[in-house]
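Here the structure comes first, spelled out in structure tokens, and everything after it is commentary.
The values are calculated or read from the model by the stated rules, or taken from the named source; none is laboratory data. If you're wondering where the values come from, they're calculated on a predicted model, not measured in any experiment. Cβ sites come from the backbone with ideal geometry, for glycine too, and all protein chains shown count toward neighbours. Heavy atoms of the whole protein, side chains included, go into the accessibility calculation; ligands, DNA and RNA do not. Shrake-Rupley method; radii C 1.70, N 1.55, O 1.52, S 1.80 Å.
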Amino acid sequence: MLRTVITAAVGLGLAAGCAPDSEAPVKVSVLARSSNGQYVPTQVELTTIEDVVGLKGTVGDLQGGARIVIDINDPALNNATEETVADVLLKKSGHDVKASYISQKDEKTGEDVLWPADFHSWNMVTSYYNLERANEYFRVVGNVKTADFEPVPKLYYFPEFIQAQSSKDPARDNAIFYPVLQSFMVLPFDQIQRAPLPLNAAVMAHEYSHLVFNRLAYATQSLPRSLSLWAQESPSMGANILKGLDEGLADYHAYGATCRSPSGCDPRFLASSFDGGPFSAVTDERDLSRGDRCMSALLYTNMLNQDLGGWSGAGNEYKLGTLLATALYQAGRSSGQEAVLQRAVVASYYDTTPATPGIFQLTELFLGDQTRFELAVALSPILTHITDLELKKAVCNEFIDHLQIPRGRLQELGVCPASATGGATCPNIFQ
Ligand SMILES: [Zn+2]
């Protein structure tokens with residue numbers, strides 16, 4: 001999910017007669033940020049598309065007109081199993097979208113380019129393109145295998161999404177990866193007056209990162225076993241930390257994906273959607289380039305003592321996540337090894353090698369006792385998957401200073417070199 005907050009069916013007719021040639025590669029125009037930061041029509045090639053009208057391909061399948069209701073008082077939920085819970089929540093499964101295009105010859109190349117014919121077509125084809133870009137980041141930089149992206153996720157475009165415990169009205173202004181449905185949701189916008197979330201490539205990369213985290217760190221479980229078991233206990237430190245990792249690493253990879261775009265590395269990637277509107281404070285709260293973020297005694301205590309409801313209700317997973325994302329950002333940049341670090345982070349999600357277990361393997365090991373999944377342990381897979389000593393030392397220093405992980409604990413775990421002594425930015429919260 002992009003932030004803490006708690007209709008339209010898209011039935012667009014295709015211009016009569018001429019269904020465009022659907023097979024990849026297809027040249028289309030999308031709305032993308034140019035080198036000067038503006039969203040402008042940009043000619044791109046979709047390389048994974050199978051149906052350019054229905055916007056379906058190997059990275060996603062757009063569906064319009066869905067209705068999804070999460071109501072903890074729904075009696076049908078009591079009898080639901082992991083296999084049937086999606087059917088209970090999905091009140092209307094929706095239908096294939098239909099994007100409309102006008103085909104135009106490119107003056108320079110003489111090739112046909114599809115131009116979206118209306119706003120929703122622009123928004124939808126750009127959504128698909130942004131999924132494709134995020135997928136490419138995780139394949140090329142993250143080294144994720146193609147098989148890990150299967151099954152192909154659905155993207156519910158402008159669904160009616162109702163969280164009955166907070167409101168009877170459909171939610172708006174958010175983009176969500178929802179593991180129960182193994183699907184994305186892009187909600188209608190209301191108060192966001194700048195770039196709609198699906199046009200913001202970094203926002204879609206953030207959501208795509210949640211998919212990758214689910215596929216690897218949760219081994220594609222729709223109801224992740226570690227998270228659900230641990231969330232039933234109070235306090236729930238292990239669950240709180242998992243949610244913080246998921247959000248923080250989603251922002252870190254969203255930033256990483258911006259580095260491959262024409263507008264370049266952007267640690268304030270929420271700005272083009274949120275600035276000047278009611279969510280503008282979020283841009284600063286999540287700005288990864290701020291070097292002065294510190295774990296506070298209060299956040300640390302909350303991590304240990306809150307249950308997941310209290311932790312998430314206060315948005316604490318984003319606070320912990322931003323500390324982690326900022327620490328990784330600083331370490332990667334200072335050592336000039338950002339892509340190397342991004343790849344190591346993805347490698348830490350799932351690893352059956354006994355000497356370097358992944359996050360999933362550690363959660364399985366400590367399933368019966370989440371107090372053993374402390375922050376130092378939860379972050380150790382990231383460190384054990386960094387081979388370069390200077391980079392490892394830089395990440396250790398950030399963790400010791402900004403996340404206040406005791407240096408001695410990291411050395412006990414054998415994941416940091418003795419030369420890592422921390423930094424001088426943050427006050428010691430244990431004194
Ligand atoms: Zn998120």
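Counting only residues that are closer than 17 Å to residue 332 by Cα and either among the charged types (D, E, K, R) or surrounded by fewer than 15 Cβ atoms within 10 Å (Cβ to Cβ) (or both), how many does segment 392-416 have?
Residues flagged as closer than 17 Å to residue 332 by Cα and either among the charged types (D, E, K, R) or surrounded by fewer than 15 Cβ atoms within 10 Å (Cβ to Cβ) (or both) within segment 392-416 amount to 4.
Conditions (1) modelled with pLDDT under 95; (2) in a helix (DSSP H, G or I), marked per residue:
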| position | (1), (2) |
| --- | --- |
| 198 | yes, yes |
| 202 | yes, yes |
| 208 | no, yes |
| 227 | no, yes |
| 233 | no, no |
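Suppose the filter is buried (at least 23 other Cβ atoms within 10 Å of the Cβ) and in contact with a His (Cβ under 7 Å, 6 or more places away or on another chain); does residue 177 pass it?
yes
Out of segment 213-224, which residues are among the hydrophobic types (A, V, I, L, M, F, W, C) and within 12 Å of the ligand (Cβ to nearest atom)?
Across segment 213-224, the qualifying residue is only 213.
For segment 43-122, give me every one of the strands (runs of 3 or more DSSP E) that falls completely inside it and has 2 or more residues that are farther than 28 Å from residue 169 by Cα.
Counting at least 2 such residues, we get 49-51, 101-105, 112-116.
Read through the list (1) over 27 Å from residue 228 (Cβ atoms); (2) aliphatic (A, V, I, L, M); (3) in contact with an Asp or Glu (Cβ under 7 Å, 6 or more places away or on another chain); (4) within 16 Å of the ligand (Cβ to nearest atom), then give the number of the only condition that residue 282 fails.
The single condition residue 282 does not satisfy is (3).
Pick out, from segment 338-431, the helices (runs of 4 or more DSSP H) lying fully within it that include 3 or more residues that are at positive phi and modelled with pLDDT under 95.
none
Could you identify the single residue in 21, 74 that is assigned by TED's automatic domain parsing to the domain that holds residue 127, open to solvent by less than 50 Å² (accessible area, probe 1.4 Å), modelled with pLDDT under 95 and more than 26 Å from the chain's Cα centre (by Cα)?
Criteria check complete, one pass: 74.
Modelled with pLDDT under 95, away from the ligand (no atom under 16 Å from the Cβ) and either farther than 30 Å from residue 72 by Cα or open to solvent by 40 Å² or more (accessible area, probe 1.4 Å) (or both), is that true of residue 332?
Considered against the rule, which asks whether it is modelled with pLDDT under 95, away from the ligand (no atom under 16 Å from the Cβ) and either farther than 30 Å from residue 72 by Cα or open to solvent by 40 Å² or more (accessible area, probe 1.4 Å) (or both), residue 332 comes out as no.
Tell me the residue from 256, 315, 309 that is within 16 Å of the ligand (Cβ to nearest atom) and more than 28 Å from residue 34 (Cα to Cα), please.
The conditions single out 315.
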